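No value in this document is a laboratory result; all are computed from the given coordinates. Keep in mind that this is a model prediction, so the values were computed, not measured. Note that each Cβ is placed from the backbone with ideal geometry, even for glycine, and that neighbours are counted across all protein chains shown.
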Amino acid sequence: MIEPTALYTITGGLLILIGFAAIMLKRNLIKIMLGFVLVEAGVHIMIICFGYIPGRTAPIVDSPNLLTDAAAMTAAPTQFVDPVVQAIVLTAIVIAVGVTALMLAYVVRLYGTHKSLDVGRYVSLKW
Amino acid sequence: MRQILTPIVLVLLAVVLWRTVPMTAPEEISAIGRHFVEHGVAENRGANIVTSVIVNYRGLDTLGEVSVLFLSVAGAGFILRRRTGLTLETPTPASELVETGARLLFGPIVLFGAYIFAHGHLTPGGGFQGGAVVASAVLLLLLAERDRALAHNALGWIESLSGFLYVLVGLIGLALAGSFLSNKGILPLGAWNSLFSAGLIPVIYMLVGLKVGSELAALIDTMMHSGEPAATETEEARP
C-alpha cells in the first residue's frame with residue numbers, strides 16, 4: 001500500500017519530467033509551450049503535497065466555535081491541512097495563466113513572421 | 001547531441017527531485033499555517049481561511065500577483081496588437097441555435113462568476129476563480145459570434161478602476177489601522193458565515209474578481225481578433 005502523499009508527489013515529479021522532456025525534445029512551438037504547462041502543473045501538485053496531511057479537511061471553518069472556544073482553537077490545527085501552501089498555489093496558478101498567455105501570444109506572432117511552428121527554423125539567435 | 005543530453009538532464013533532474021522532495025506527509029502543519037488556522041476566524045471572521053491568507057495576511061503579495069497578471073495580459077495585447085501576419089479564413093457563421101444559446105447562457109454564467117467572487121470568504125472560490133468564470137462567458141459569446149466586438153474602453157475602465165480601488169483600500173488601511181491592506185476596524189467584521197462579514201475581505205476579492213474578469217476577457221478578445229484587418233491601422237500609420 002503506497003502512501004497517498006508519496007503517490008501524489010511522484011505524479012507531480014513525473015509531470016515535471018515529462019514537461020522538461022517535451023521542452024527539450026519537441027520542435028513544435030506549441031508543444032514546447034505545453035511542456036511548460038505540464039511543468040507548472042507538476043510543481044503545483046508538489047507544493048500542495050507539502051501541506052497535505054491525509055484525513056484532514058480543507059481549511060474552511062464549518063462551526064463558529066473557533067470564535068469563543070479556546071479548546072476548539074487549539075484543536076483546529078489538527079483538523080485542517082496547511083492553508084499557506086494552498087494560497088501559494090493559487091497565486092502560482094494565476095501567474096501560470098498569465099505566462100501561458102504571453103507564450104501563446106509570442107507563438108502567434110512568430111508564426112506570423114516566419115509561417116512556421118518549427119523551432120529549428122528560428123535561427124537568428126543561434127550561435 | 002540533443003538526444004544524448006536530454007536523458008542525462010532528465011535523470012539528473014529526477015535524482016534532484018528524489019533527493020530533495022519529502023515523500024511523506026508532514027506530522028503537523030507549519031507554524032505560520034498553525035497561526036492562521038487558530039486565529040484566522042477570530043481575526044478576520046471569514047470562514048474560508050485560504051481566502052483570509054490570500055486577501056489579508058498575504059494581501060500585498062496578492063496585489064503583486066494581480067500586477068503580474070496585468071503585465072502579462074498587457075504584454076500579450078501589445079504583442080498581438082499590430083498585424084500578426086496571419087490571414088484567418090472567414091469563419092463559418094454559427095447556427096441560430098448556438099448563437100441564441102450562447103446569448104441565453106451569457107447572463108447566468110456572469111452571474112455565477114459574480115456569485116463565486118462575492119462568496120470567496122465563505123466557500124471555496126474567490127476573485128480569481130470568479131473572474132475566470134466571467135471571462136469564460138465572454139469566450140462563449142465570442143465563439144458563437146466571431147464578429148462581435150467587445151467594448152475595450154469599458155473593460156479598460158473596469159480594470160483600472162478596480163485596481164485603483166484595491167490600492168486605495170490598502171491605503172485606507174494604512175491611514176486608519178497602521179498597516180497596508182489592514183482589516184482591523186475599518187469595516188465591521190459582521191456575523192460569522194454571513195455574506196456581509198469578514199470586513200474588507202469580500203470587498204477586495206470583488207475588486208480582484210472584476211479586475212481579473214475584465215483582464216481575461218480583454219485577453220480573449222485580443223487573441224481572437226489578432227490578425228484581422230481592423231487591427232492593422234496602427235501598422236500602416238507607422239513610418
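Between the helical axis of A:83-114 and the longest alpha-carbon principal axis of chain A there is an angle of about 10 degrees.
Entry note: chain A has Rg to Rh equal to 1.19, where both radii use alpha-carbon atoms and Rh is the Kirkwood radius. A simple count of charges around A:LEU29, restricted to other residues whose Cβ falls under 11 Å of its Cβ and scoring Lys, Arg +1 and Asp, Glu -1, yields +4. Compactness check for the protein assembly as shown: Cα Rg over 2.2 N^0.38 Å is 1.12. Along chain B, the exposed loop sites are GluC sites (Glu not before Pro) outside DSSP states H, G, I, E and B with at most 15 other Cβ atoms within 10 Å, and the longest stretch free of them is B:146-239. The relative contact order of the range B:2-237, computed from alpha carbon pairs under 8 Å that lie at least 6 residues apart in sequence, is 28 percent.
Shielding of peptide B:43-50 by partners, expressed as the average count of other chain Cβ atoms within 10 Å per residue Cβ, is 5.
Long hydrophobic helices in chain B, taken as whole DSSP H segments with a C-alpha length of 27 Å or more on their own axis and mean Kyte-Doolittle hydropathy at least 1.0: B:59-81, B:96-118, B:152-176, B:201-225.
Taken about its Cα centre, chain B carries a charge dipole of roughly 460 debye when the Cβ of each Lys and Arg holds +1 and the Cβ of each Asp and Glu holds -1. Counting Cβ atoms of other protein chains within 10 Å of each Cβ in B:61-70 and taking the mean gives 3. Here is how the number arises for chain B: DSSP H runs of 4 or more residues each give -39500 (n - 2.57), the sum is divided by the residue count, and the result at 222 nm is -21500 deg cm²/dmol. Across peptide B:17-23, the average count of Cβ atoms from other chains found within 10 Å of a residue's Cβ is 5.
Measuring between their Cα centroids, the range B:1-62 and the range B:147-169 lie 32 Å from each other.
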